[in-house]
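Novice: One structure is given below, represented as structure tokens, and several questions about it will come after.
The values are calculated or read from the model by the stated rules, or taken from the named source; none is laboratory data. All of these numbers come straight from a predicted model, not from anything done at the bench. Cβ: placed from backbone, ideal geometry, glycine included. Neighbour counts: every protein chain shown.
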């Protein structure tokens, strides 16, 4: 046993670098999720990692590059999982798509990450809410990371809502996105308003209700447009 421990391979330099990078990204994610892009310095991140700030300068030329790397790390996981869920939903329900079914593939798949992924994923959710509400620089990050999967959802929603206008479907998604970002921000406001009956941390409760609620909204605005057009 002792011999085995002695002969155990040490991590390679590549592995050590990857591990250090994960530590940096985790620390930065935690800090950015609480204080935003402008409330955190590279020195703050280095302090949380327990390293000299020159280490951060070695990996990242500036704070914005670090922020972008933090955001992209989990964005690719979220986008990939949702794209797979949407493709699977369409394949299994071809010709019988529903608004709620498409929304559940998109929303529930993402909410599962925050339910099952622990505090690190919840930190990322709060970070994403900040990015989504920063038009000067956040819109570009959202476009780069999420446009393909969002447009895939819209494609399925149009199939599920024959005769609906493009405007209604895009506005519907806009409202869905707003509700999701507010949920991920975990502001605690619903806790106070409800007297503790509802909790910002309760993503299970959100998952149970959000897709159904949003589906009803899509159907309502599309019916309104049809009535207005006399169809």
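Novice: As an exercise: evaluate residue 162 against (1) at pLDDT below 95; (2) over 20 Å from residue 81 (Cα atoms); (3) assigned to a helix (DSSP H, G or I) and give the number of the one condition it does not meet.
Specialist: (3)
The rows are residues; the columns are (1) under 21 Å from residue 38 (Cβ atoms); (2) under 15 Å from the mean Cα position of the chain (by Cα).
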{"site": "70", "(1), (2)": "yes, yes"}
{"site": "80", "(1), (2)": "no, yes"}
{"site": "83", "(1), (2)": "no, yes"}
{"site": "89", "(1), (2)": "no, no"}
{"site": "96", "(1), (2)": "no, no"}
{"site": "105", "(1), (2)": "no, yes"}
{"site": "119", "(1), (2)": "no, yes"}
{"site": "137", "(1), (2)": "yes, no"}
{"site": "145", "(1), (2)": "yes, yes"}
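Novice: Name the helices (runs of 4 or more DSSP H) wholly within the range 1-112 that hold at least 3 residues that are modelled with pLDDT of 90 or more and surrounded by 11 or more Cβ atoms within 10 Å (Cβ to Cβ)?
Specialist: 13-35, 42-49, 63-92, 99-103
Novice: Suppose we keep only residues that are surrounded by 13 or more Cβ atoms within 10 Å (Cβ to Cβ) and without any contact (Cβ under 8 Å) to a residue 60 or more places away in the chain within the range 155-169. Which one would you say is farthest from residue 104 (Cα to Cα)?
Specialist: Of everything passing the filter in the range 155-169, 168 is farthest from residue 104 (Cα to Cα).
Novice: Kindly indicate which of 143, 147, 191 is free of Cβ contacts under 8 Å to residues at least 24 places away in the same chain, out of contact with any helix residue (DSSP H, G or I) (no Cβ under 9 Å at 6 or more places or on another chain) and surrounded by 12 or more Cβ atoms within 10 Å (Cβ to Cβ).
Specialist: After ruling out the rest, the residue left standing is 191.
Novice: Yes or no: residue 131 over 23 Å from residue 84 (Cα atoms), touching a residue at least 60 places away in the same chain (Cβ under 8 Å) and touching a helix residue (DSSP H, G or I) at 6+ places or on another chain (Cβ under 6 Å)?
Specialist: Here the answer is yes, as residue 131 does meet what is asked.
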